[in-house]
Amino acid sequence: MSEPVRLLPVRILIHGASGRMGQALLRLAGARQDCRVVAAVSARSPAQRVVEGVPHFAASELGGAPEFDAAIDFSLPDGFGAVLALCVQRGAAFVSGTTGLSEAQRADLQAAAARVPVLWAANFSLGVAVLEDLVERAASTLRGWDCDIVEAHHTQKKDAPSGTALALGAAAQRGDARPHYASLRAGDIVGEHMVQFTGAGERIELIHRAGNRDIFARGALHAAVRLAGRPAAEYRLRDLL
């Protein structure tokens, strides 16, 4: 899809601004020239109304946020619907990494894609987006090879396999492979994913290692800037590279 011509900077609303990802988004957006945060929204009432030039709002005040071109949502499922509805109402792009969505919420996301550009991803690493493409291509070419996905994360991560591992597995399945999964929880590993294809006498390993969590915030900002102004549809991160 061609990239729209638009005036920069892109105006961004951050939903879930008090969380770890929200704080990273605020910090990294401040150093970019292609976007500007016009509202930071948190579940609770903010201690300060304006922080470093960015207006802060409670989730209950979401409707009073200024105009924006794209919203980035890293919050909880109970706040997902309100910010998605606001994007539809205002014709703004919607980027979300909120996990634990219900089937009804996923249906709402698909319905919103008929009105505005939307993107939901389990992982906003640009490298992982490329890895998904490589996995699908390898699986479609190496028919009949074994496919194994090994992922490692820190000890506090509860779900296994990770959402990223499952997304890589879905890419492998699109290429007609049948992936098997293995998970490791150790230390403070941010995230490592290896997809291995094994044939008779040979093996291919495709690996991505995350060194810090800023890569996910950078990817979300990249997506928001590229998604703003595009036609209504449901996008993948790889569509915006």
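Key figures for this structure:
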{"item": "Pairs where the first residue, in the range 36-52, is over 15 Å from residue 75 (Cβ atoms) and the second is loosely packed, with under 10 Cβ neighbours inside 10 Å and at pLDDT below 95, C-beta under 9 Å, 6+ apart", "result": "37/53"}
{"item": "Wholly enclosed strands (runs of 3 or more DSSP E) of the range 1-80 bearing at least 2 residues closer than 22 Å to residue 117 by Cα, out of contact with any His (no Cβ under 8 Å at 6 or more places or on another chain) and hydrophobic (A, V, I, L, M, F, W, C)", "result": "10-15, 35-42"}
{"item": "Test: residue in the range 114-126 that is of a type in the set (D, E, K, R), within 28 Å of residue 169 (Cα to Cα) and modelled with pLDDT of 95 or more", "result": "no"}
{"item": "Pairs with Cβ under 7 Å, 6+ apart, first in the range 131-156 and buried (at least 18 other Cβ atoms within 10 Å of the Cβ), second at pLDDT below 95 and in a strand (DSSP E or B)", "result": "153/191"}
{"item": "Count of the range 107-126 residues which are among the charged types (D, E, K, R) and in contact (Cβ under 8 Å) with a residue 40 or more places away in the chain", "result": "1"}
{"item": "Any chance residue 91 is modelled with pLDDT under 95, more than 18 Å from the chain's Cα centre (by Cα) and in the same structural domain as residue 34 (by TED's automatic domain parsing)", "result": "no"}
{"item": "Qualifying residue in the range 206-223 (condition: modelled with pLDDT of 95 or more, more than 30 Å from residue 30 (Cα to Cα) and surrounded by 14 or more Cβ atoms within 10 Å (Cβ to Cβ))", "result": "yes"}
{"item": "Some residue of the range 153-163 being under 17 Å from the mean Cα position of the chain (by Cα) and closer than 21 Å to residue 136 by Cα", "result": "yes"}
{"item": "Selection within the range 131-175 - of a type outside the set (A, V, I, L, M) and assigned to a helix (DSSP H, G or I)", "result": "132, 133, 136, 137, 140, 141, 163, 164, 169, 173, 174"}
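The values are calculated or read from the model by the stated rules, or taken from the named source; none is laboratory data. Everything numeric here is computed off the predicted structure, so don't read it as measured data. In this analysis, Cβ positions are derived from the backbone assuming ideal geometry, glycine residues included, and neighbour counts consider all displayed protein chains.
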